[in-house]
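Each remark here refers to the structure printed beneath this line.
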Amino acid sequence: MADQIDIEHFRSRLEDERQKVRSAIEYLHKESPGSLEDETGELAIGSGDNHPADVATETVDREIDYTLEENSGNVLREIEVALQRIDDGTYGTCSACGEPIEPERLEHLPWATLCAKDARGSSA
């Protein structure tokens with residue numbers, strides 16, 4: 001049950017992770033402030049000596065940034081939900097079976113909502 005784990009330890013871990021994710025998102029915004037079209041357009045109409053590979057590299061780099069930002073946003077939402085679960089007293093309880101989530105699992109993934117068995121998709 002949730003009272004068998006150190007809730008404040010996990011609250012602190014989640015808040016630290018939330019700050020790290022927010023910092024990562026800010027960094028991505030600073031590194032890539034323009035749109036993909038802006039960057040590839042500048043390369044395409046630039047000095048005329050741009051190789052198609054330069055445009056492709058820029059496109060791939062930007063797509064990686066978008067993917068990282070999207071993944072970071074998803075993790076940030078999961079962290080927010082976990083903090084809400086702490087506030088409403090359901091943190092550490094599997095949302096599928098109602099059993100306690102293993103403390104080792106929470107230590108590794110503090111925003112987990114499923115016990116290891118349910119996360120693996122096992123029904124037994």
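The values are calculated or read from the model by the stated rules, or taken from the named source; none is laboratory data. Computed from a predicted structure; not experimentally measured. Neighbour counts run over all protein chains shown; Cβ positions are idealised from the backbone, glycine included. All accessible areas refer to the heavy atoms of the entire protein, side chains included, with ligands and DNA or RNA removed. Shrake-Rupley method; radii C 1.70, N 1.55, O 1.52, S 1.80 Å.
Quick notes on this one:
- Output for the range 90-121, where each listed residue is assigned to a loop (DSSP other than H, G, I, E, B), open to solvent by less than 40 Å² (accessible area, probe 1.4 Å) and of a type in the set (A, V, I, L, M, F, W, C): Cys94, Ile101, Ala112, Cys115
- Residue list for the range 1-43, restricted to those being modelled with pLDDT under 85, surrounded by 13 or more Cβ atoms within 10 Å (Cβ to Cβ) and small (Gly, Ala, Ser): Ala2, Ser32, Gly41
- Of the residues making up the range 79-89, those that are touching a helix residue (DSSP H, G or I) at 6+ places or on another chain (Cβ under 8 Å) and surrounded by 14 or more Cβ atoms within 10 Å (Cβ to Cβ) number 4.
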